[in-house]
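What follows is a short report on a single structure.
What follows draws every value from the coordinates through simple rules; no lab data is involved. It should be emphasised that the depicted structure is a prediction, and the values quoted were computed from it without experimental measurement. With ideal geometry, Cβ positions are generated from the backbone for all residues, glycine too; neighbour counts draw on all protein chains shown.
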Amino acid sequence: MIDIKLIREQREYVKKEMEKLFVSVPIDEIFELDESKRKLLYDSECLRNTRKTLSKEIASEKDAEIISAKKEEVKKTNEIIKIQEEELNAIEERLNSLMLNVPNLPGPDVPVGKDETGNTAVSYFNEKKKFDFEPKTHYEIGEKRDLIDFERGVKISGTRFYILKKGLAKLQRSLINFMLDIHTNFHDYEEIYPPFMVNEGCLVGTGQLPKFSDNLYKDLESGMWFVPTAEVPVTNMYRDEVFAIDRLPVKHAAYTACFRKERLSAGKDTKGIKRGHQFDKVELVKITTPETAKEELSSLIADAQDILNRLDIPHRLVRICTGDLSFTASEKFDIEVFAPGINEWLEVSSCSNFGSFQARRANIKFKRDKNSKAEFVSTLNGSGLALPRVMISIIENYQTEDGYIKIPDALKPYFATEEFI
């Protein structure tokens, strides 16, 4: 969440920043609740001091009538304190609820735009493949070659599920291993294999709850939530912890299955394996100091792009405008691959700097030295990369006219002597 001091001291500035995000946020109500809370805290403290003074006077008083009168005064003071505590609890509950639904402030360099139409492709990498035949879609190739089974996926799990078979199942597994190997061996990330289920506090900490509960899967009996991304368990590993500055930056790479509810109408966008309730992803998470966050975001983007460069996949870097920022990000860049069969640019990574937004919610801090005051860290994350859209790009960019899929050179060590799928 954002710092309540910003609203307290720079209310109009915060309101203008919310306008850039094109969201409606009750900043004035938050300000008034905070004022009421602070006044109640002051009044309650004054009453407690009064009660303390009365108690001391009673202890030293000899006159029974005076003692009785002062005890009656203590009783009335206690009743007022109790009423104030109840009022304070109600205010704090409302204030906390509102603060948890306030999005992060956009960074100063983020362009203002109402929606995704305000996003800008800032650079392109690797030329689009040239074909001497009409490239097919991944789902046409997958069904024709019996590599993707949509019908049985629906039979066993419902819509937006599918089964990868034979060479594509191996391609998926190889890509996950390849990504983790590159990030750990060349980019200096420490690999983590986290749980795929987390408690509610984790999702509050990284900002998915309470705002996005409708998009998440929950086990009602245990109260555990299925992870929408490895960002959630990996960041929350350090919840309520304080780092020594020499331990920063923390850099983790983690594979998980991811679970999110997809609510789209039937149509072109639902074909194939582009969107599903379950998908695999390798996630990159960084925890660092505020002054190095900008630099760490740039290197995170480069690390994610390195995967695509090694696979020789055409892709572009897109700067996200204010109206399309995620709830938690202060700055974000998307990496999109080109899929020639469906003729679309597909997002495979959103690389974000959250500043102290998640750290404030999850209470993750650092100290510059042993005597300094603890400060909130900055957190960052980005996919490194998300499947199955990388799968789509490989299937469609490396297809042959007869429907086979050439194995990218970077993945050949994972396929022994095989050249094609």
*Return the aspartates and glutamates within reach of Lys271: Cα separation strictly under 20 angstrom, same-chain partners fewer than 8 residues apart disregarded; answer none if there are no such residues.*
Glu134, Glu140, Glu143, Asp146, Asp149, Glu151, Glu262, Asp280, Glu336, Glu344, Glu347, Glu396
*Determine the alpha carbon to alpha carbon distance for each of Lys56/Lys76; Lys16/Lys251; Lys5/Lys373; Lys281/Lys367; Lys129/Lys166; Lys114/Lys274 and list only those over 23 Å.*
Lys16/Lys251; Lys281/Lys367; Lys129/Lys166; Lys114/Lys274
*Cross-link list Lys136/Lys261; Lys52/Lys365; Lys20/Lys211: which exceed 26 angstrom alpha carbon to alpha carbon?*
Lys136/Lys261; Lys52/Lys365
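When only Cα pairs under 8 Å and 6 or more residues apart are kept, what is the percent relative contact order across the range 116-414? The partial results should precede the final answer.
Working: 604 pairs, mean separation 70.8, N = 299.
Relative contact order comes out at 24 percent.
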_For a quick check, take a GNM of the chain with Cα springs below 10 Å and name the residue from Pro233, Pro135, Pro108 with the largest mean-square fluctuation._
Pro108
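How high is the relative contact order of the range 4-99, in percent, counting Cα pairs under 8 Å that sit 6 or more residues apart?
Details: 45 pairs, mean separation 31.9, N = 96.
Once normalised by length, the contact order is 33 percent.
What does DSSP give for the chain in terms of the percent of beta bridges that are antiparallel, rounded to the nearest 5? Can you show the working numbers first?
Numbers: 47 of 53 bridges.
In the chain, approximately 90 percent of DSSP beta bridges are antiparallel ones.
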*Among Asn353, Asn236, Met224, whose Cα sits farthest toward the positive end of the charge dipole of the chain (+1 at Cβ of Lys/Arg, -1 at Cβ of Asp/Glu, about the Cα centre)?*
Met224
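With a cut-off of at most 10 other beta carbons within 10 Å, and DSSP calling the residue loop, which trypsin sites (Lys or Arg not before Pro) in the range 133-236 qualify? Please list them. Can you show the working numbers first?
Values: sites: Lys136, Lys144, Arg145, Arg152, Lys155, Arg160, Lys165, Lys166, Lys170, Arg173, Lys211, Lys218; in loops: Lys136, Arg145, Arg160, Lys165, Lys211.
Answer by residue number: there is no such site.
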_Classify the range 99-233 from the C-alpha gyration tensor, please: rounded if a/c falls under 1.5, else prolate or oblate depending on whether a/b exceeds b/c._
oblate
